[in-house]
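I have placed the structure first, in the form of structure tokens, so that the comments after it can refer back to it.
The values are calculated or read from the model by the stated rules, or taken from the named source; none is laboratory data. Predicted model, so just to flag it, every value in this text is computed and none were measured. Cβ: placed from backbone, ideal geometry, glycine included. Neighbour counts: every protein chain shown. In case anyone asks, the SASA skips ligands and DNA or RNA and just uses the protein heavy atoms, side chains included. Shrake-Rupley method; radii C 1.70, N 1.55, O 1.52, S 1.80 Å.
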Amino acid sequence: MHPDLEKLLVLQAKDLDLLEVDLELRALLDQVASLDADLERGRQEAEAARRAAAAGVKRREDVEAKVEGLRVLQERRRQRLELAKTARELQALGSELELARSVLAKEEAEWFRAAEQANDLAARADAAAARVAEAEAAQQPAREEIDARQKEVQVRREAAQAARRSAAESVAGPLLARYDRLRSVRAKEVVVALRGDACGACFTAVPMSRRSHIRAGLLLDGCEACGVILYADSEGGSE
Ligand SMILES: [Zn+2]
């Protein structure tokens, strides 16, 4: 066996351990994303209800201000009526008051409706917020479990990273660079055993002379087709 090969295989084993931990971590993050997605619709509804309730309050306040203004004007008319001297003046102010009173009554009715609607919208917003809180509470146990598992996986990930680093330190620079380059384009193994007379990754035939060099441990050869570093193990490598 080529002296560097053993080190590369150790490094690859550490990388595969790390990959496995990363996949576990990703699965947990996917679970969190799926819980978030389950809440998202309710949150959007609650937000829309909150905005509608705020608009309801604004509308009530606007109508209230209008009614207040009309009441002030009406009070002034009343004062003018008290000071009226001629019958003609009295009659004119009287009919003006009467007209204004019906306008005011209409606006007061409108204010009453706006107040009712604002209450209704506020109740709906409260209900939507309560539904979100309920859904969040229902997810709590699952989230806590995911969180605990995430912490546990994170600890293993750090250990796997440390193991990877120390395995990488024992591989010579140029070979490590070659290995890392291969790993950046291939998801899994980049140091692959021969299968009979072919590359174990892509099954392209490897010429006899190179195979015998690989078996003799003289050469760290790559597959000409897919680029993986080939080696001969005890089973797949015999002819
Ligand atoms: Zn190949």
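Things to note:
- Among the residues of the stretch 160-186, those identified as loosely packed, with under 14 Cβ neighbours inside 10 Å, away from the ligand (no atom under 16 Å from the Cβ) and under 20 Å from Ala225 (Cα atoms) are Ala177, Ser184.
- Residues of the stretch 93-126 satisfying the condition of being open to solvent by less than 50 Å² (accessible area, probe 1.4 Å), free of Cβ contacts under 8 Å to residues at least 60 places away in the same chain and closer than 30 Å to Gln44 by Cβ: Ala114, Ala115
- Out of Glu40, Glu6, Glu68, sole residue that is surrounded by fewer than 16 Cβ atoms within 10 Å (Cβ to Cβ), at pLDDT below 95 and out of contact with any helix residue (DSSP H, G or I) (no Cβ under 9 Å at 6 or more places or on another chain): Glu6
- If you go through the stretch 187-231 and keep only what is part of a helix (DSSP H, G or I), within 13 Å of the ligand (Cβ to nearest atom) and of a type outside the set (Lys, Arg), you end up with just Ile214.
- Filtering Glu116, Glu152, Glu145, Glu136 for residues that are at pLDDT 95 or above and within 30 Å of Arg60 (Cβ to Cβ) leaves a single hit, Glu116.
Yes or no, residue by residue, for (1) within 24 Å of Glu24 (Cβ to Cβ); (2) in contact with a Lys or Arg (Cβ under 7 Å, 6 or more places away or on another chain); (3) of a type in the set (Lys, Arg):
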position: Leu175; (1), (2), (3): no, no, no
position: Asp180; (1), (2), (3): yes, no, no
position: Arg183; (1), (2), (3): yes, no, yes
position: Ala193; (1), (2), (3): no, no, no
position: Ala198; (1), (2), (3): no, no, no
position: Asp221; (1), (2), (3): no, yes, no
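- Some residue of the stretch 83-92 being touching a helix residue (DSSP H, G or I) at 6+ places or on another chain (Cβ under 7 Å), open to solvent by less than 60 Å² (accessible area, probe 1.4 Å) and over 27 Å from Glu64 (Cα atoms): yes
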